[in-house]
Amino acid sequence: LGAAGPLSGRAQRRVPLGTGRSGRAAEAGLECPGLGWAGLGWSARGRADRPRAAAAAPRFPRPGKGWRGVCRVQGSSSAREARDFLQLGRRETSQRLQARIEDLLVRDSAALFLRESFLPINNTDIMSSGNDCQSRTLPKPTFGEREAAELVDRVFGLKVSWIGSLPSYDDQNFHVRVSAAGAEEYVLKITNSQDSQEPDLIEAQTRAMMLLSAEGFPSATPYLTKDGNIMSLESGDTRPGSKKYMVRLLTYLPGTPVAKITTNAQLLYEIGRLAASVDKVLSEKFQHPTVKYLHRGQFIWNLANVPLLDQYIYALGQKKYRAVVEQVIEQFKDKVIPKLSSFRACINHGDLNDHNILVHSSSASLEDPQYRVSGILDFSDMSYGYYVFEVAIAIMYMMIESPDPLSVGGHVLAGFESVLPLTAEERGALFLLVSGRFAQSLVIAAHTALLYPENREYLTITARTGWKHLMTMFEVGQAAVEKAWFGTAQAYTQHTPVPSVRGC
């Protein structure tokens, strides 16, 4: 979730890995889409709910370096069948193994279950930031307000006068006022215990925020600990073996989330400029040693990884929406992935959605308000990507609450291209990149909602209108949508752009 602001963060946060694909399994084309516990009709809530295998269930040998076979089977005939399949995978080429094992059935009522049949050994965890090869959930911290206030005092040396919790998914955030001159406000951000094991990545995100602030962008900055550090690893309690959480105190950024207002052309243009300007500065000036940790491999929220959605599409069931998502994934594989090498690389913020951009109005006119960006939140999805990814992500999220969603893209694109004009190849991929981000958001939200039904309402914010917008894009067609976007962007070249997005 966001570094600051009362409604920061995207509802669909990183989620536990259901089934993986990496190493030699990826090279061979093997994957296990939809075979998480929920995908097999079993509970996805934890080990206590998982079906038990027979006591003597055989464990298959590891089929090769880079694979970790953890298939357990009931029934010797099933074991031989699955073992033969894996041995075939070692001999045959990837082209012979494109048929997925999603539909592999076991004879004689035996139960074959593949919980992460091919786990990444050295690759980045698909769903999260780290390199942990195990399937994992990301249970958010559970600090109470009193405990959080004590944490601020103990770690940062500040006395809290008021504290309130903020919406979040896998981290925990508190809005804090301290007893000091000027009644300063902060956000106490407590990172979940799993991501807290990746301090270099968290530091890279925080250093990027600091750079942007120094460059004039409205980005939060950390308040240093009593030891002079930007963050501190703290225990949840005093018991031995208790989980540890990375704690930061970030400046509070005032403003209203874009999701809470009615956007106009001026603001959409400004958000486009913001997206381009942020990535440009990060790519040209962010040189901290931790920048290397932004190479995040198969991180699911990177737009290059839309094909990985195959593994989670089961969460959609047999809804009519599933067909359009499958179409997006297949077209993405065929038309976008081969062109990635022609796109200009950069560091992406990766999540400039309508809850992560705060604004304030600089005009008293209710009929024609003039908005300025007052806050940029949530740097947790930063990764190396491409400039065109950022504008596609911004267009998609600005469409969510718009009464005229298909008109949004042209204004955002015009603002973006006032800083960084797209190449012909990048423009040609824009429709599928926007569609791909819709697919990521909707599929991952559905998958996560199965795992955490108690958070369903929060997780499916985008889905409320996202499905309708994605369906409309495909009903209208790529040619017509691009004509509207590019025509609007072209019209801006005849006018003077709006002022820079920097500053409040």
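Roughly speaking, what is the stretch gain from D200 to H295, that is 0.36 nm per residue apart minus the C-alpha to C-alpha distance, in nm to one decimal? The partial results should precede the final answer.
On the way: separation 95, 0.36 × 95 = 34.20 nm, distance 1.19 nm.
Separation in residues times 0.36 nm, less the Cα-Cα distance, equals 33.0 nm.
Could you tell me the largest-minus-smallest coordinate of the C-alpha atoms of the range 305-442 on each of the three principal axes, in descending order and whole angstroms?
Principal extents (Cα only, largest first): 49, 35, 28 Å.
Sequence-distant or interchain residues sharing an amide H contact under 5 Å with R344, placed H: which?
Excluding prolines and chain starts, which carry no amide H, the hits are Y387, V388.
Beyond a 19 Å Cα-Cα separation, which of these cross-linked pairs lie in this structure: K140/K226; K243/K292; K319/K483; K319/K468; K319/K339; K320/K468?
Values: K140/K226 25 Å; K243/K292 27 Å; K319/K483 30 Å; K319/K468 13 Å; K319/K339 31 Å; K320/K468 12 Å.
In this structure, K140/K226; K243/K292; K319/K483; K319/K339 exceed 19 Å between Cα atoms.
Based on the Kirkwood radius over alpha-carbon pairs, what value in µm²/s does the Stokes-Einstein equation return for the translational diffusion coefficient of the range 145-251 at 37 °C and 0.692 mPa s? Don't skip to the answer; put the middle values down first.
Details: Rh = 14.3 Å.
For these conditions, the coefficient is 230 µm²/s.
With a cut-off of 19 Å, note down the residues of the range 337-355 whose backbone N falls inside the zone around a label point 7 Å from the Cα of V476 toward its beta carbon.
354
Using θ = phi - 60° and the Karplus curve 6.51 cos²θ - 1.76 cosθ + 1.60, what whole-Hz ³J(HN,Hα) does each residue of the range 295-301 get, with Gly and Pro shown as x?
After applying 6.51 cos²θ - 1.76 cosθ + 1.60, I find 7, 10, x, 9, 3, 5, 7 Hz.
Could you give the length gained by full extension between K285 and E454, i.e. 0.36 nm per residue of separation minus their alpha carbon distance, to one decimal place?
Numbers: separation 169, 0.36 × 169 = 60.84 nm, distance 4.20 nm.
Contour length minus the Cα-Cα distance gives 56.6 nm.
Quick check of the Kirkwood formula: for the range 238-293, what is the inverse mean of 1/r over all pairs of different Cα atoms, in Å? Can you show the working numbers first?
Values: mean 1/r = 0.0634 Å⁻¹.
That comes to 15.8 Å for the range 238-293.
Set the Förster distance to 25 Å, then compute FRET efficiency between E367 and S402 from the Cβ-Cβ distance, nearest 0.05. Could you put the intermediate results ahead of the total?
Details: r = 18 Å, r/R0 = 0.73.
The calculated FRET efficiency here is 0.85.
S165 versus K483, label points 7 Å from Cα toward the beta carbon: distance in nm?
So the label points at S165 and K483 sit 5.1 nm apart.
So what are the ³J(HN,Hα) numbers for the range 189-198, from phi and the Karplus equation (6.51, -1.76, 1.60; θ = phi - 60°), rounded to whole Hz, Gly and Pro as x?
Karplus values, whole Hz, x for Gly and Pro: 10, 10, 6, 4, 4, 6, 5, 5, 7, 10.
With r as the distance between the Cβ atoms of S341 and R177 and R0 = 51 Å, compute the FRET efficiency 1/(1 + (r/R0)^6) and round to 0.05. Mind showing how you got there, number by number?
On the way: r = 50 Å, r/R0 = 0.98.
It comes out at approximately 0.55.
Provide, as a two-decimal number, the C-alpha radius of gyration of the range 256-495 over 2.2 N^0.38 Å, N being how many residues it has.
On the way: Rg = 17.2 Å, N = 240, 2.2 N^0.38 = 17.7 Å.
That ratio works out to 0.97.
Keeping the other protein chains in place, figure out the carbon and sulfur percent of the accessible area of the range 145-251, with a 1.4 Å probe. Write out the running numbers ahead of the final one.
Working: 2080 of 4590 Å².
The value for the range 145-251 is 45 percent carbon and sulfur by accessible area.
Across the range 428-443, in residue order, what do the Karplus-derived ³J(HN,Hα) couplings come to in whole Hz, using 6.51 cos²θ - 1.76 cosθ + 1.60 with θ = phi - 60° and x for Gly and Pro?
My calculation for the range 428-443 gives x, 9, 4, 4, 6, 5, 5, 4, x, 5, 4, 4, 4, 4, 6, 5 Hz in order.
Ranked from highest to lowest mean number of other Cβ atoms within 10 Å per residue, what is the order of the peptides 222-229, 298-305?
On the way: 222-229: 14.2, 298-305: 22.9.
Those peptides, ordered most packed to least, come out 298-305, 222-229.
If amide H atoms are built 1.01 Å from N in the plane of the peptide, which residues on other chains or at least 5 residues away come under 5 Å of the amide H of W162?
Answer set, sorted by chain and number: R177.
Accessible area per residue of the range 145-251 at 1.4 Å probe, in Å²?
Values: 4590 Å² over 107 residues.
On a per-residue basis, the range 145-251 sits at 43 Å².
The values are calculated or read from the model by the stated rules, or taken from the named source; none is laboratory data. Quick caveat: nothing in here was measured; it's all calculated off a predicted structure. Neighbour counts are summed over all protein chains in view; Cβ atoms, including those assigned to glycine, are modelled from backbone coordinates with ideal geometry. The area values use the complete protein model at the heavy-atom level, side chains included, leaving out ligands, DNA and RNA. Shrake-Rupley method; radii C 1.70, N 1.55, O 1.52, S 1.80 Å.
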